[in-house]
Amino acid sequence: MSSVDVLTLLNVAIAAIMAVWALDTFVLQPFRFTRIAGQAPRLDAVAIPAATGLFADSPLSRLMGQAAGLAMLLYLVAVVIFRLDVDFALVLVLATFVSGVFWLLELAYLRRLRQQALATFGKGLEARGIASAIPPQQPVLVEYSVSFFPVLFAVLVVRSFLAEPFTIPSGSMLPTLQIGDYILVNKYAYGLRVPVLGDKFVSIGEPQRGDIMVFRYPVHPEENFIKRLVGLPGDHVVVDGQKVTINGQVVQNAPEHFSPDSESWELYFREQMGTHQHLKRQLVGDDSNAPDMKYTDVIVPAGEYFMMGDNRDESDDSRYWGFVPDRNIVGKAFCIWIHKEPGWHLPTLGRDGIVN
């Protein structure tokens, strides 16, 4: 069984468990209450809480809660073992939606039934001189939903429309961004988008040449890539080795000694891309991947963008897989907030600041 099959099986299992759990909480338990409501005068103080099912979780609910916890634990283990990419945005949207629905059912339906149960059984007990034994707590599924929905909703709003953190896993944007940089991405710089789908519903600004953008990789949309925007819609882009020409104008760059630690097999150039001035990295000699670089001569289609990494010899970008549709844009990277070297190293603030 492949890793994808395992993840699909776990997704189906979690969905089925949650469906049964919700069915028991919002349908079966209220049905049990209505069925025994007429028996209130004949029930004693001990039998009432268990009989109503609105206050004490049924054995089925407890079983489903344990199964849901186990399934989610197995899901996390599978993600770690198989190094799977999880669409966190989709998971967050689904979790917010489901908890919100359960919260609304509690407000509009289940809470009213509990109040009715207190009145129905409580009066019957008082009439017989027995103190009411019905506790006021919510079923576990309802309690979790009411507790987590506001938090999930707040995270969804911030992550979808304001800012989102990302980590840099590769060296394709060296020297601007290094492996282990944690960046913040402005989610509203180019407009507000529908979570997961990516369709823009409020236009605020347009991408500018030279912007560093995070986007969903067109080949595998579940993966996020980060590159620099080189070609806007309608641009004629020619890439010939290290020479980049946009609409007949050669992109200017000048050699620069980057740092005392620079190696003999790497060169750095200060490049002007739109209003952005940045460093790009080029490898020379046996360390160069230049033979794999192909000549590119394209006109960027409407609604799409041509992206390249600053580490030109070691960047998997639009030269190889094509253009980025506008709906794939996640946002504009604007700052590094911490940096963490791979392995057992503590985060540092030495690289924090605005990225250009």
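The values are calculated or read from the model by the stated rules, or taken from the named source; none is laboratory data. Keep in mind the model is a prediction, meaning the values are calculated, not measured. Cβ sites come from the backbone with ideal geometry, for glycine too, and all protein chains shown count toward neighbours.
The set of residues in region 332-356 that are in contact with a Phe, Trp or Tyr (Cβ under 8 Å, 6 or more places away or on another chain) and aromatic (Phe, Trp, Tyr) contains only Trp337. Kindly indicate whether any position in region 131-140 is assigned to a helix (DSSP H, G or I), assigned by TED's automatic domain parsing to the domain that holds Gly69, modelled with pLDDT of 85 or more and closer than 30 Å to Ala19 by Cα. Yes. Here Ser160 fulfils each of the conditions (1) among the polar types (S, T, N, Q); (2) free of Cβ contacts under 8 Å to residues at least 60 places away in the same chain; (3) outside any loop (DSSP other than H, G, I, E, B) apart from (2).
Hey, any hits in region 55-64 for a residue that's out of contact with any Pro (no Cβ under 8 Å at 6 or more places or on another chain), among the hydroxyl-bearing types (Ser, Thr, Tyr) and modelled with pLDDT of 80 or more? Yes, some residue in region 55-64 is out of contact with any Pro (no Cβ under 8 Å at 6 or more places or on another chain), among the hydroxyl-bearing types (Ser, Thr, Tyr) and modelled with pLDDT of 80 or more.
The residues on offer are Pro301, Pro291, Pro325, and the sole one that is closer than 21 Å to Val238 by Cβ and at pLDDT 95 or above is Pro301. Scanning region 293-317 for residues that are in a loop (DSSP other than H, G, I, E, B) and either among the aromatic types (Phe, Trp, Tyr) or within 27 Å of the chain's Cα centre (by Cα) (or both) yields Tyr295, Gly303, Gly309, Asp310, Ser315, Asp316, Asp317. When you go through Glu341, Glu314, Glu304 one by one, which is the residue that is buried (at least 16 other Cβ atoms within 10 Å of the Cβ), in contact (Cβ under 8 Å) with a residue 12 or more places away in the chain and within 26 Å of Tyr268 (Cβ to Cβ)? Just a single option satisfies the conditions, and that option is Glu314. Among the residues of region 219-258, write down those that are assigned to a loop (DSSP other than H, G, I, E, B) and either closer than 20 Å to Gln178 by Cβ or touching a Ser or Thr at 6+ places or on another chain (Cβ under 9 Å) (or both). Passing the criteria: Glu223, Val251, His257, Phe258.
For region 163-199, a residue qualifies if it is among the hydroxyl-bearing types (Ser, Thr, Tyr), assigned to a loop (DSSP other than H, G, I, E, B) and buried (at least 17 other Cβ atoms within 10 Å of the Cβ), and the qualifying residues are Ser172, Thr176, Tyr190.
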